[in-house]
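The values are calculated or read from the model by the stated rules, or taken from the named source; none is laboratory data. Since the model is a prediction, treat every value here as computed from it, not as a measurement. Because the Cβ atoms are built from the backbone with ideal geometry, glycine has one as well, and the counts that use them run over all protein chains shown. The protein model used for the area step is the full one, side chains on, heavy atoms only, and it has no ligands, DNA or RNA in it. Shrake-Rupley method; radii C 1.70, N 1.55, O 1.52, S 1.80 Å.
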Amino acid sequence: QVLLVESGGGLVQAGGSLRLSCAASGSIVSISTMGWYRQAPGKQRELVARITRDESTNYADSVKGRFTISRDNAKNTVYLQMNSLKLEDTAVYYCNAETIRLRVYWGQGTQVTVSS
């Protein structure tokens, strides 16, 4: 089992920045890829960014150049630095972890609200 706990969400004005953190505990040695997804009201959950254990990354086109995902394997934590936030970035952001046996775990979600 893997437990994921997110933090760092909140209310920010358009153009501002936030950093999300996700701390993993439990069977952390089995974690391969970690990522962030988001779900806006009335929309499907979508990938924001993913990072592998060797720190290869990929991003949704909508956040490229504005968001940066990173991970600290020593702290079992993944981060999402969000800059130049836009109204359309408003969503609940979920941390995700995939294990080497392809099991998937989710955090409880953290709200990010971007205001004009």
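Any residue at all in region 83-106 that's open to solvent by less than 50 Å² (accessible area, probe 1.4 Å), within 22 Å of Gln1 (Cα to Cα) and in a loop (DSSP other than H, G, I, E, B)?
No, the conditions are met nowhere in region 83-106.
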Quiz item: Say we look at region 27-41 and pick out the residues that are open to solvent by 60 Å² or more (accessible area, probe 1.4 Å) and either of a type in the set (Phe, Trp, Tyr) or modelled with pLDDT under 95 (or both); which of these is farthest from Trp106 (Cα to Cα)?
Solution: Pro41
Self-check item: Out of Val78, Val114, sole residue that is modelled with pLDDT of 95 or more and under 11 Å from the mean Cα position of the chain (by Cα)
Solution: Val78
Quiz item: Any chance region 63-72 includes a residue that's part of a strand (DSSP E or B) and hydroxyl-bearing (Ser, Thr, Tyr)?
Solution: yes
Quiz item: Residue check: is Thr110 under 13 Å from Ser21 (Cβ atoms), touching a residue at least 60 places away in the same chain (Cβ under 8 Å) and in contact with a strand residue (DSSP E or B) (Cβ under 7 Å, 6 or more places away or on another chain)?
Solution: yes
Quiz prompt | Matching entry among Leu3, Leu11, Leu47, Leu20 (being surrounded by 14 or more Cβ atoms within 10 Å (Cβ to Cβ), in contact (Cβ under 8 Å) with a residue 60 or more places away in the chain and either out of contact with any Asp or Glu (no Cβ under 9 Å at 6 or more places or on another chain) or outside any strand (DSSP E or B) (or both)) | solution = Leu3
